[in-house]
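The values are calculated or read from the model by the stated rules, or taken from the named source; none is laboratory data. None of the values given here were measured: they were computed from a predicted structure. When we count neighbours, we look across all protein chains shown, and the Cβ atoms used for this are built from the backbone with ideal geometry, even at glycine. We work out accessible area using only protein heavy atoms, side chains counted, and drop any ligands, DNA or RNA first. Shrake-Rupley method; radii C 1.70, N 1.55, O 1.52, S 1.80 Å.
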Amino acid sequence: MRLDALRLDPHTLPGPVWIVSPHPDDEALGCAALTATLSGLGREVHALLVTDGGFSHPNSRAYPRARLARTRLAEWRAGLAVLGVLETRTHALGLPDGGLDALDPGSIRREVERAFATAPPATLLLPWRRDPHPDHRATWGPVWNAAPPAARRLEYAVWLPERGGGSDWPTEREARVWTLAVGAARPRKAQAIAAHATQLGGVPDDPDGFTLAPEMVERALDGPELYFEAAGQPALEITA
Ligand SMILES: [Zn+2]
C-alpha cells in the first residue's frame, strides 16, 4: 500500500449509498466495515448484486446452477443484514457469473440505471476498475456510467491485494487512496463473510470449485479496507 493513503471519514459520505457487488461476497470482503459504519450512521444503504453467482461450483451435483444461485442470493442478503442493509433495499440483476464481459455494456448499464432510479446514489461503492477479475472489470464501466454525475464514487479492492500486478494499482495521478480500519466492525465483517457458506467449503461435491482461502479472509478482517477515488470525474463513455 502506498504511504500517502488518507483515512476515510465515513461521516463525509452522503446517502443514499449504493454498494455494488459483481458476486455475492465481494461486499463482505471488500467494504463490509464501511457498509456497517454507514448503516450505523443512519444512511440509507442499498445493495446491488450484478451476477447470479452461479458459476463457483460448476461440477457440483448437489448444487446445480439454479440452486447455487438461489443459495448465494440468500447468503448475500444474510451477510448484508448483518451490516444493517434491509432486504427491501437489495436489488439483484441475475446476470451470468463468469460471463459479464461477453454482454453488451450498454444493456448492463440500463439495468443498473433502473435499479438506481429507486433511490439515486449520492455515494457509490463499486469494485476498483482494474480489480483482477473479469467480472469486476466488466462491472465497473456500466455502473460508473449509470450513476448520477455528482455521486461520489469510491472503488473498493477485492482481489487487487491478492493477485494484482503493479499496473493494476492506481497511479498517483489517477486516484486518491483512502483507507478505513476495520476496527470495531470486525465481528460484523466476520459474520458477513461467514454468511457465504458456499464459498467457504459448504459445497461438498466439487473439490475444484471455488473456496475462499482462510488467509484471504484473515487479511480482509485485518484490513484496512482500501478505497480509490478517481481524481476528477472523467467523462467515460461506453462504446456498445
Ligand atoms: Zn467477485
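Projected label points at A66 and D104, each 7 Å from Cα along the beta carbon direction, are separated by 2.7 nanometres. For region 6-230, the relative contact order works out to 29 percent when only alpha carbon pairs closer than 8 Å and six or more residues apart are counted.
Of all the C-alpha pairs in region 37-121, what % are more than 23 Å from each other? Let's see the in-between values first.
Values: 1142 of 3570 pairs.
For region 37-121, the share of Cα pairs beyond 23 Å comes to 32 percent.
In the chain, the DSSP beta bridges split such that about 30 percent are antiparallel, to the nearest 5. Compute for region 27-168: radius of gyration divided by Kirkwood radius, i.e. Rg/Rh, restricted to C-alpha atoms, rounded to two decimals. Result: Rg/Rh = 0.95. Using a 1.4 angstrom probe, figure out how much accessible area region 85-240 has per residue, in square angstrom, rounded to the nearest whole. Normalised by residue count, the accessible surface of region 85-240 is 46 Å².
Restricting to DSSP H runs of at least four residues, report the calculated mean residue ellipticity at 222 nm for the chain, -39500 (n - 2.57) per run over all residues, nearest 500 deg cm²/dmol. Roughly -10000 deg cm²/dmol at 222 nm, from the helical runs in the chain.
Ignoring ligands, DNA and RNA, what percent of the 1.4 Å accessible area of the chain is carbon and sulfur? Mind showing how you got there, number by number?
Working: 5720 of 10470 Å².
On the chain, the fraction of accessible area on carbon and sulfur atoms equals 55 percent.
Of all the options E44, E225, E162, the one that moves most in a Gaussian network model of the chain with Cα springs shorter than 10 angstrom is E162. Fully extending the segment from D168 to A197 would add 7.5 nm, taking 0.36 nm per residue of separation and subtracting the current Cα-Cα distance. Extents of region 130-240, taken as max minus min of Cα coordinates on every principal axis and listed largest first, are 46, 37, 29 Å. Scattering from region 68-111 was approximated by placing one identical point on each alpha carbon and applying the Debye formula without solvent; log10 I(q)/I(0) at 0.29 1/Å stands at -0.99.
Let me make sure I get this right: for region 174-214, a, b and c are the square roots of the gyration tensor eigenvalues over alpha carbons, sorted descending. Under 1.5 in a/c it's rounded, otherwise prolate if a/b > b/c, else oblate. Which is it? Could you put the intermediate results ahead of the total?
Numbers: a/c = 4.53, a/b = 1.80, b/c = 2.52.
In terms of gyration-tensor shape, oblate.
Given 10 °C and 1.306 mPa s, compute D for the chain with the Stokes-Einstein relation, Rh being the Kirkwood radius over Cα pairs; round to the nearest whole µm²/s. Once the numbers are plugged in, D ends up at 89 µm²/s. Between region 1-33 and region 94-148, the alpha-carbon centres lie 16 Å apart. Restricting the trypsin sites (Lys or Arg not before Pro) of region 36-124 to loop positions (DSSP other than H, G, I, E, B) with no more than 10 neighbouring Cβ atoms within 10 Å leaves R61. For the chain, modelled as a GNM whose springs connect Cα atoms under 10 angstrom apart, the maximal fluctuation among T88, T51, T71 occurs at T88.
So if R0 is 30 Å, what FRET efficiency would L86 and A150 give, r being the distance between their Cβ atoms, rounded to the nearest 0.05? The partial results should precede the final answer.
Working: r = 25 Å, r/R0 = 0.83.
Efficiency for this residue pair is about 0.75.
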